[in-house]
Amino acid sequence: MRETRKGMLMVISGPSGTGKGTLAARLLQEDPSFTFSVSVTTRARRSNEIDDVHYHFISEEEYDRLLAEDAFLEHATVHGHRYGTLKSEVYERIERGQNVLLDIDPQGARNVMAQEPTCVSVFILPPSYETLRVRLHTRNTDDPVEIERRLRNAHGELEQVYRYQYAVVNDDLDLAYAQLLAIARAEKQRTIRYFPVVED
Ligand code: ADP
Ligand code: 5GP
C-alpha cells in the first residue's frame, strides 16, 4: 500500500506549571514522529535550560529584527517577556510529514488556530489552583513574585479552555499522558493529513 502523510501541527497550551513541558517532553521522547518547535524568547535562560534546545534565547534587538522580517507564525508578550514561534520551525517539517509540537500561551494558540485551522489544539488544566501553586514552587525555576504573577494569569487563561478542541486534566501524569497520546494517535489517521492508496 502506498500512502502520503502531511505532518500535524499540535498546539499545547495552558497555565504555567500545569505540566505542558512535562507532557510534551514525554511525547517527543516516545514518539519520534513529533518534533518540537523551539520558540524564541527575550526572557533570561534558567540554569537548567539549554540555548537552541528549550528556547532560542535572543536579545530585544534580535527580536525586533525578526518581527520586522515577518519571521513569526505568532508572537506574544507572556508574563512580561516576549516569545515567538518561528515559521522556519514549522512549515518545512509539516510538508516533510513530520508532526510539530508547539508549547505556547493561550494568546499565541488563538493566533495559530486562526491562521492554521487544521491544527490540533489541546488545553492542559491543573486539578486545582492549589496544585498549580505547589507545582510552580516545587519546580523551583521562578521567584515567589514571578510565581504569584503566573498564578494570577492562570485564572484568565483557564477561561479560554472552550476555544480548544481537546482538554486534558493533568492530575495523574500517566493518565494525562495516555489521553494526550490517544489524541495524537487519532489525529494522525485523519484524512486531512493521511492518504492511503489501495493498489490494484
Ligand atoms: P509547564 O510547562 O506547564 O509550565 P511543567 O511541565 O514545567 O509545567 O511542570 C511544572 C512542575 O510540575 C514540574 O516540576 C513537573 O515535574 C511537575 N508536574 C508535571 N506534571 C505533574 C503531575 N501530573 N503530577 C505532579 N507533578 C507534576
Ligand atoms: P516559560 O517562561 O515558563 O518557559 O513560558 C511561559 C509561557 O510562555 C508558557 O505559557 C509557554 O507556553 C509560553 N510560550 C513559550 N513559547 C512561546 C511562543 O513561542 N509563543 C507564545 N505565544 N507563547 C510561548
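The values are calculated or read from the model by the stated rules, or taken from the named source; none is laboratory data. Quick caveat: nothing in here was measured; it's all calculated off a predicted structure. In this analysis, Cβ positions are derived from the backbone assuming ideal geometry, glycine residues included, and neighbour counts consider all displayed protein chains. With ligands, DNA and RNA removed, areas are computed over all heavy atoms of the protein, side chains included. Shrake-Rupley method; radii C 1.70, N 1.55, O 1.52, S 1.80 Å.
For the stretch 88-200, what % of the accessible area comes from carbon and sulfur atoms, probe 1.4 Å? Could the numbers behind the result be given before it?
Numbers: 3290 of 6380 Å².
Here it works out to 52 percent.
Give, in nm to one decimal, the length gained when the segment between Val53 and Arg185 is fully stretched (0.36 nm per residue of separation minus the Cα-Cα distance). Please list the in-between numbers first.
Details: separation 132, 0.36 × 132 = 47.52 nm, distance 2.52 nm.
Gain in length upon complete extension: 45.0 nm.
Out of the stretch 137-190, which GluC sites (Glu not before Pro) are coil in DSSP terms and have no more than 13 other C-beta atoms within 10 Å? Mind dumping the intermediate values first?
Values: sites: Glu146, Glu148, Glu157, Glu159, Glu187; in loops: Glu159.
Counting only loop positions with at most 13 other Cβ atoms within 10 Å, the GluC sites (Glu not before Pro) in the stretch 137-190 are Glu159.
How much solvent-accessible surface does His54 expose, in Å² to the nearest 10, with a 1.4 Å probe and all protein chains in place?
Here the accessible area works out near 70 Å².
Tell me, what ³J(HN,Hα) does each residue in the stretch 136-143 have, in order and in whole Hz, if you take phi through Karplus 6.51 cos²θ - 1.76 cosθ + 1.60 with θ = phi - 60° and put x for Gly and Pro?
Once θ is set to phi - 60°, the couplings for the stretch 136-143 become 5, 6, 5, 5, 6, 10, 10, 6 Hz.
Taking 0.36 nm per residue of sequence separation and subtracting the Cα-Cα distance, how much length would be gained by fully extending the chain between Glu61 and Asp171, in nm to one decimal? Numbers along the way, then the final one.
Details: separation 110, 0.36 × 110 = 39.60 nm, distance 4.00 nm.
Difference between extended and current length: 35.6 nm.
When DSSP beta bridges are limited to those with both residues in the chain, what percentage is antiparallel, rounded to the nearest 5? Mind dumping the intermediate values first?
On the way: 12 of 31 bridges.
Within the chain, antiparallel bridges account for around 40 percent of the total.
For the chain, how big is Rg over Rh, using alpha carbon atoms and the Kirkwood form of Rh? All intermediate terms of the calculation are to be shown ahead of the outcome.
Values: Rg = 17.3 Å, Rh = 17.7 Å.
Computed over Cα atoms, the ratio is 0.98.
If you count only protein heavy atoms with a 1.4 Å probe, what accessible area per residue comes out for the stretch 1-136, rounded to a whole Å²?
Values: 6350 Å² over 136 residues.
Heavy-atom SASA per residue in the stretch 1-136 reads 47 Å².
As I understand it, the dipole of the chain uses +1 on the Cβ of Lys and Arg and -1 on the Cβ of Asp and Glu, about the Cα centre. Which of His79, Val161, Pro32 lies farthest toward its positive end?
Final value for the positive-end residue is Val161.
Residues of the stretch 49-88 with amide nitrogen under 13 Å from the 7 Å Cα-to-Cβ point of Gln29?
Of the residues in the stretch 49-88, none has backbone N under 13 Å from the label point off Gln29.
Quick check: residue separation of Val197 and Glu3 times 0.36 nm, minus the Cα distance between them. What number comes out in nm? Don't jump to the answer; show the numbers that get you there.
Details: separation 194, 0.36 × 194 = 69.84 nm, distance 0.57 nm.
Length difference between fully extended and current span is 69.3 nm.
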